[in-house]
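The values are calculated or read from the model by the stated rules, or taken from the named source; none is laboratory data. None of the values given here were measured: they were computed from a predicted structure. Cβ sites come from the backbone with ideal geometry, for glycine too, and all protein chains shown count toward neighbours.
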Amino acid sequence: MSGKFWSQTFWNRSSRWSPVSISSLIGWWDFSDTATVTLNGSNISGVTDKSTAGRNLSQSTGALQPAYESSTALRFSDAVSGMYMDMSSTASVAEMVAVYSDPITTSLIYFLGSTPRTRDIFVNIPTNSVSIDGTSGTASGDIYINRTTLEPNTGLGINVTPSPAFPTTAGQKNIFGVKHNTTYNYNRVGVSASQTQYGWRLYEMLIFNANLSTTDRSTVCTYLDNKWNTNFS
């Protein structure tokens, strides 16, 4: 019996675990939970926060609303620039974990942003770089991709190159995490400016106002991996 199969079998038997058991959780958006998603036709106009913080997402402008794909994912259009969803209140984020997939390998992927623009978390697939920056300057911290091992001493900013490289397999679900060395304020999921995001999909995102312990980080990633069958190892 493989380790991953055993882990998933055990996890399914212990499925009562929920991210809300982590006290620092301040935002949890699960796009596969159709009861939390409000639609405008085939687009998403609102998402209810599953954490206790009540930090709901909304976008009232139809042209900027992401699509709802297969009742499981928020999809940012590759034909419309500047797509995002607003949080109902600003979040001071110390750590973020998300499950995403990329339909092509030439994407810009914007996870979190702010307006007025002070800080963004985004990935540039062509240059294999993770950027966390904005008008207030670069940030510091670590990242983790499909594993809980932190990228050491990355000094997060423009053109930071992760190792191993950011995944580029089209359609593959991946876990991406960012651990700040301090908290930064965000109020959007998606972009804070007019960039095009090339059709990437967001399945689930969790944000925390304190850094996760090693144990909690592993628990969160295992939960996401067993739920979404990611490339986590």
Residue in the stretch 72-82 that is at pLDDT 90 or above, within 19 Å of K173 (Cα to Cα), basic (K, R) and within 16 Å of the chain's Cα centre (by Cα) present: yes
Condition check for K227: buried (at least 20 other Cβ atoms within 10 Å of the Cβ) and more than 25 Å from T90 (Cβ to Cβ): no
Filter result (over 21 Å from Y223 (Cα atoms) and touching a helix residue (DSSP H, G or I) at 6+ places or on another chain (Cβ under 9 Å)) within the stretch 78-113: V80, G82, M83, Y84, M85
Boolean, T115 is surrounded by fewer than 21 Cβ atoms within 10 Å (Cβ to Cβ), on the phi < 0 side of the Ramachandran plot, modelled with pLDDT of 80 or more and in a loop (DSSP other than H, G, I, E, B): yes
All positions within the stretch 174-211 that are in a loop (DSSP other than H, G, I, E, B) and at pLDDT 95 or above: N209, A210, N211
Residue satisfying condition, being touching a Pro at 6+ places or on another chain (Cβ under 8 Å) and in a loop (DSSP other than H, G, I, E, B), within set S51, S32, S60, S23: S51
Residue under evaluation F10, criteria (1) surrounded by fewer than 21 Cβ atoms within 10 Å (Cβ to Cβ); (2) at pLDDT 80 or above, criterion not met: (2)
